[in-house]
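Written below as structure tokens is the structure these notes are about.
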Amino acid sequence: MRKDIEVRKVTTIEDIHSMQKLEKQIWGMEPIPVHQTITAVKNGGLIVGAFLEERMVGYSYSFAGYSDGQIYLCSHMLAVDDEFQMRGIGKLLKEEQQRLAREMGYRLIVWTFDPLESRNAYLNTSKLYGVCYDYIVDCYGKMDDGLNKGLPTDRFQVAWWIDSPRVMEKWQPNLLYSRPFSIRLSDDLYPAILLPETNEWIQAEAIEVPVPKHIQLIKQHNSQLACEWRMKTRKIFQQLSEAGFALIDVWRTGESVQYYRFCKRSIIPLQN
């Protein structure tokens, strides 16, 4: 753990006001009202803050969820001040969230992320050992903040079974991954994905799917190509979900794409 960063549970109105300021700074939109967040915290929710002395530099916000007979913690927001990015603070926040959630009696934590944000996918699956088997089309409708503007808000939902062998033992399968999708470069030298002519690729036991390393850069300079990535990967990820696959890992490369690794959900040890 970084010695200069303190990660702790947030319960006071003063700290929640600090969270609001950071929320507005990072997301560029009006923050969640205090009466909502404090009520969530008092009723099964959880806020974890990362502090440099008295300055909040990151936070996670979650509330109680229930669906199909399953109680879980819904982790709605995770954010780190731009000045403190790439220092492992997001992982520290999730680890403390995991510890506190376990104390509260939770066994499952869920959250969503943009499937084209490969850095988030790497944290969620390769570092935290969450899995993704639900793909949600245009989850939040149209959003106009800097990160989401210009693309449908498709999301992967992460299932983090915090007491499972997958998480506790850092389980990864020993599989041979098929790589059925090829990459070409656009005229402005950004990567573009090519789909195979048939769907025979779905018969493999394990599959790698390329995703841009820097989707925000592509979106800024070639919005049509960014939209093409969204629509083509939407089709692929939906097919994988329907066929019983789950995203479990990200293979990082020095190339312009990273590779998402999928295996059959049935072989993943998700519960004790």
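Computed from the coordinates by the stated procedures, all read-outs in this text should not be read as laboratory data. Since we're looking at a predicted model, the values are computed, not measured. Using ideal geometry, Cβ is built from the backbone for each residue, glycine included, and neighbour counts are taken over all protein chains shown.
Points worth noting:
- Model label sites at residue 53 and residue 220, defined 7 Å from Cα along the beta-carbon direction, differ in position by 3.1 nm.
- Projected-area mean, the chain, by convex hull of Cα positions, square nanometres: 15.0
- Label zone at residue 227, where the point sits 7 Å out along the Cα-to-Cβ direction: the stretch 152-166 residues whose backbone N lies under 17 Å: 152-154
- Note on the stretch 6-168: Lys pairs 8 or more places apart or on different chains, Cα atoms under 27 Å apart, count 22.
- Under the Karplus curve 6.51 cos²θ - 1.76 cosθ + 1.60, θ = phi - 60°, whole-Hz ³J(HN,Hα) for the stretch 225-241, x wherever Gly or Pro sits: 5, 4, 5, 4, 4, 4, 6, 6, 6, 4, 4, 5, 5, 5, 4, 5, 4
- Helix-derived mean residue ellipticity, 222 nm - over the chain, DSSP H n ≥ 4, -39500 (n - 2.57), to 500: -8000 deg cm²/dmol
- Net charge in the neighbourhood of residue 193 (other residues with Cβ under 9 Å of its Cβ; Lys, Arg +1, Asp, Glu -1) is +1.
- Gyration tensor verdict on the stretch 165-224 (Cα atoms; rounded if a/c is under 1.5, prolate if a/b is larger than b/c, oblate otherwise): oblate
- Comparing mean-square fluctuations of 68, 114, 163 from a GNM of the chain with C-alpha springs under 10 Å, the top value falls on 68.
- Residue with peak Gaussian network fluctuation, the chain [Cα springs, cutoff 10 Å], from 199, 124, 222: 199
- Spacing of the two label points (7 Å from each Cα toward its C-beta) at residue 267 and residue 182, in nm: 2.7
- Charged neighbours of residue 120, selected by a Cβ distance under 14 Å, balance to +3 (K, R count +1; D, E count -1).
- Stretching residue 170 away from residue 200 to a fully extended chain increases their span by 7.7 nm, per 0.36 nm per residue minus the current alpha-carbon distance.
- As a rough guide to protection, the peptides 260-269, 82-91 ranked by mean Cβ packing within 10 Å, highest first, stand as 260-269, 82-91.
- When the Gaussian network model of the chain links Cα atoms closer than 10 Å, the mean-square fluctuations of 37, 198, 112 top out at 198.
- Placing dummy labels 7 Å off each Cα toward the beta-carbon, the span from residue 70 to residue 134 is 0.7 nm.
- Formal net charge of residues neighbouring residue 172 (Cβ-Cβ distance under 13 Å; K, R +1; D, E -1): +2
- As a length-normalised measure over Cα pairs under 8 Å and 6 or more apart, the relative contact order of the stretch 182-266 settles at 33 percent.
- Based on C-alpha pairs under 8 angstrom that are at least 6 apart in sequence, the chain has a relative contact order of 15 percent.
- Prolate/oblate/rounded call for the stretch 6-168, Cα gyration tensor, a/c under 1.5 rounded: rounded
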